[in-house]
Amino acid sequence: MSTLRTLIDRSPIDPYLLMLIGTVGLAALCPAQGAGKPIADAAVALAVALLFFLYGARLSPQAVWSGLAHWRLQGLTFASTFILFPVIGLGLQAVLKPFLPHDILVGIVYLCLLPSTVQSSIAFTSIARGNVPAALCSASVSNLLGVVITPVLVSLLLPGSSVGFSAHALEDIGVQILLPFVVGQAARPLIGDWLLRHRTLTSVVDRGSVLLVVYAAFSAGMVAGVWSRLSVADLAVVLVLSLLVLALVIAATTFASRRLGFSVADEIAIVFCGSKKSMAGGIPMATILFPGHAVGMIVLPLMLFHQAQLFVCATLARRYAARDERAVEAVAVAA
C-alpha cells in the first residue's frame with residue numbers, strides 16, 4: 001500500500017503503465033512465435049497459477065466473513081460490479097458497433113464483466129478514510145465470485161466471441177485459477193504471515209505475471225496481424241470510453257450511497273470498490289476465455305481503464321480525505 005501511496009502522491013504517470021507499454025513494444029519487435037510460442041504459453045500458465053496461489057495464501061477467510069455482515073453495502077457494490085457495469089458495456093457495444101473493431105467492442109464488454117480489484121480498492125478507501133474492513137471484504141468476495149461469475153457472463157453475453165464456459169474452459173479455470181487458489185488457502189497458515197511481511201515479493205509476482213501474460217497476448221496478436229485494424233483514432237476513442245464508463249459508475253454509486261443513507265465511510269468503500277476492475281485477474285482470465293490471436297485487442301480497453309481508474313480515483317481519494325480533515329477542523333473550532 002505504501003508503494004501505491006507514493007505513486008499517487010509523487011508521480012503523474014504510473015510506472016507500471018510504462019512497463020506495460022514497454023512489454024507491448026517488445027511483443028511488437030520480438031513476438032513469441034515458432035518454437036518460442038509453446039515456451040511462452042507454458043510460462044503464462046505457470047505465472048497465472050502462481051498468481052492465484054498467492055491470492056489464496058494472502059486472503060484471510062475471517063476478514064471476508066466478518067465483512068459480509070454489512071450486507072447492504074456488499075449488495076450495492078456487487079450490483080455495481082456485476083449489473084451496472086455490464087449494462088453500460090452492452091449499451092456502448094450496441095451504440096458503437098458500426099464504428100469500432102469487433103475485438104475492441106468485445107474488450108469493452110469484457111472489461112465491464114470483471115470483478116473489482118483488491119489492493120487498489122483497499123488502498124484508495126484507506127487514503128480517503130473510508131470503511132477499510134468493508135472494502136477488504138467487498139473486494140475479496142468480488143474476486144472470489146468473479147472467478148465463476150465472469151466466465152458465465154462472458155458465455156452468456158459474448159457467445160460468438162469467446163471460447164465460453166465450455167468443459168475445456170471450465171477445466172482450464174479449475175486447473176489454473178481455482179486449484180492454485182485453494183492450495184494457497186490451505187498453505188496460508190504456513191506462509192500467510194511470511195507473505196504479508198514480504199509484500200515486495202508478492203508485488204513483483206503480481207505485476208510480473210501480468211506483464212508476461214500481456215507479452216504472450218500481444219505476441220499472438222502481432223503474429224495474427226490483428227493490430228493493422230486499429231488506428232490511433234480508435235485508441236483515443238477507447239480511452240475516452242474508459243473515462244466515460246468510470247465517470248458513470250462513480251456518479252451512480254455516489255448517488256445511490258447517499259440516497260440509501262450510507263455513512264460517508266461506507267460511501268467511500270462503495271465508490272472505490274464498485275468502480276474498479278481487476279487487470280491482474282482480468283488479463284490472465286482472458287487468455288482462457290478468448291482465442292489467443294484476439295486477446296491482445298480484447299484486453300486493450302482493460303489496460304487503458306486500469307490507468308484511468310488510478311488517476312481518477314487518486315484524485316477522488318484526496319478530495320474525500322481533504323473533506324474529512326476540514327470536518328475535523330470545524331469540530332475542533334466549534335469546541
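Points worth noting:
- You can think of it this way: the chain between Val183 and Ile39 has 49.4 nm of extra reach, that is 0.36 nm per residue less the Cα-Cα gap.
- For the peptides 110-118, 142-150, 40-48, the ranking by packing is 110-118, 142-150, 40-48, with the highest mean count of neighbouring Cβ atoms within 10 Å listed first.
- Square roots of 5 times each gyration tensor eigenvalue, C-alpha, region 233-329, largest first, Å: 31, 14, 12
- Surface composition of region 236-317: carbon and sulfur atoms hold 77% of the protein heavy-atom accessible area at a 1.4 Å probe.
- Using 0.36 nm per residue and subtracting the Cα-Cα separation, the extra length available between Thr200 and Leu90 on full extension is 35.8 nm.
- In terms of packing, defined here as the mean over residues of other Cβ atoms within 10 angstrom, the peptides 122-134, 76-88 line up highest first as 122-134, 76-88.
- Solvent-accessible surface of region 113-156, averaged per residue with a 1.4 angstrom probe and all protein chains in place: 28 square angstrom.
The values are calculated or read from the model by the stated rules, or taken from the named source; none is laboratory data. The structure displayed is predicted, hence computed values, not measured ones. We place every Cβ from the backbone using ideal geometry, glycine too, and count neighbours over all the protein chains shown. Calculation scope for accessible area: heavy atoms of the full protein, side chains included, ligands and nucleic acids excluded. Shrake-Rupley method; radii C 1.70, N 1.55, O 1.52, S 1.80 Å.
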